[in-house]
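Student: The structure under discussion is supplied below as structure tokens; questions concerning it will follow.
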């Protein structure tokens with residue numbers, strides 16, 4: 001396996017782990033506690049981010065419940081890229097995620113007035129995965 005493919009899989013796996021831990025933090029925050037995060041509007045204030053109304057998709061599903069599904073799909077697409085040399089599903093999924101990252105950061109900083117460490121790791125994973133996928137696409141065509 002080439003270093004670029006390994007980097008892609010590693011970046012996606014970091015996002016998968018962060019999405020699972022973020023989901024567990026969200027569930028814990030609903031019961032009033034938290035494993036790691038605080039609700040004081042400072043870095044690490046995941047609970048503040050989790051509790052904003054904009055974190056609900058269509059008023060029913062929390063982003064913390066969607067994130068593990070998205071990252072699982074991203075992982076499947078990454079494996080397809082490595083095994084089948086098909087970068088397109090991974091490129092489209094990471095591009096879709098990267099388009100949403102600025103809005104999600106806005107919600108953290110301006111609406112929740114806090115930074116969620118798990119969200120930040122997921123955002124970085126998405127952007128890095130997109131960059132690495134683009135890089136692999138260019139090396140495939142060369």
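The values are calculated or read from the model by the stated rules, or taken from the named source; none is laboratory data. If you're wondering where the values come from, they're calculated on a predicted model, not measured in any experiment. FYI the Cβ positions are ideal-geometry reconstructions off the backbone, even for glycines, and counts take in every protein chain you see.
Student: If you check residue 100 against the conditions, is it touching a helix residue (DSSP H, G or I) at 6+ places or on another chain (Cβ under 9 Å), part of a helix (DSSP H, G or I) and either exposed (fewer than 14 other Cβ atoms within 10 Å of the Cβ) or modelled with pLDDT of 95 or more (or both)? Show your work before the answer.
Tutor: Working: touching a helix residue (DSSP H, G or I) at 6+ places or on another chain (Cβ under 9 Å): yes; part of a helix (DSSP H, G or I): yes; either exposed (fewer than 14 other Cβ atoms within 10 Å of the Cβ) or modelled with pLDDT of 95 or more (or both): yes.
Yes; evaluated as a whole, the condition is true for this residue.
Student: Let me ask something additional. Are any residues in the stretch 68-93 over 21 Å from residue 23 (Cβ atoms) and within 15 Å of the chain's Cα centre (by Cα), and if so, which ones? Write out each step before concluding.
Tutor: Step one: of the stretch 68-93, the residues over 21 Å from residue 23 (Cβ atoms) are 79-92.
Answer for the stretch 68-93, where residues must be over 21 Å from residue 23 (Cβ atoms) and within 15 Å of the chain's Cα centre (by Cα): 90, 91, 92.
Student: Kindly evaluate residue 35 against the criterion of being touching a helix residue (DSSP H, G or I) at 6+ places or on another chain (Cβ under 7 Å) and modelled with pLDDT of 85 or more. Show your work before the answer.
Tutor: Numbers: touching a helix residue (DSSP H, G or I) at 6+ places or on another chain (Cβ under 7 Å): yes; modelled with pLDDT of 85 or more: no.
Against the criterion (touching a helix residue (DSSP H, G or I) at 6+ places or on another chain (Cβ under 7 Å) and modelled with pLDDT of 85 or more), residue 35 does not qualify.
Student: Related question: If we scan the stretch 17-26, do we find a residue that is at pLDDT 85 or above, over 18 Å from the mean Cα position of the chain (by Cα), in a helix (DSSP H, G or I) and surrounded by 15 or more Cβ atoms within 10 Å (Cβ to Cβ)? Spell out the reasoning first.
Tutor: Residues of the stretch 17-26 at pLDDT 85 or above: 17-26.
If we keep only those that are over 18 Å from the mean Cα position of the chain (by Cα) too, we end up with none.
No: the stretch 17-26 contains no residue that is at pLDDT 85 or above, over 18 Å from the mean Cα position of the chain (by Cα), in a helix (DSSP H, G or I) and surrounded by 15 or more Cβ atoms within 10 Å (Cβ to Cβ).
Student: Now for a different question. Of the conditions (1) more than 20 Å from residue 9 (Cα to Cα); (2) modelled with pLDDT of 95 or more, residue 73 satisfies every one except a single condition; which number is it?
Tutor: Residue 73 satisfies every listed condition except (1).
Student: Mind checking whether some residue in the stretch 106-115 is at pLDDT 95 or above, exposed (fewer than 15 other Cβ atoms within 10 Å of the Cβ), out of contact with any helix residue (DSSP H, G or I) (no Cβ under 6 Å at 6 or more places or on another chain) and in a helix (DSSP H, G or I)?
Tutor: yes
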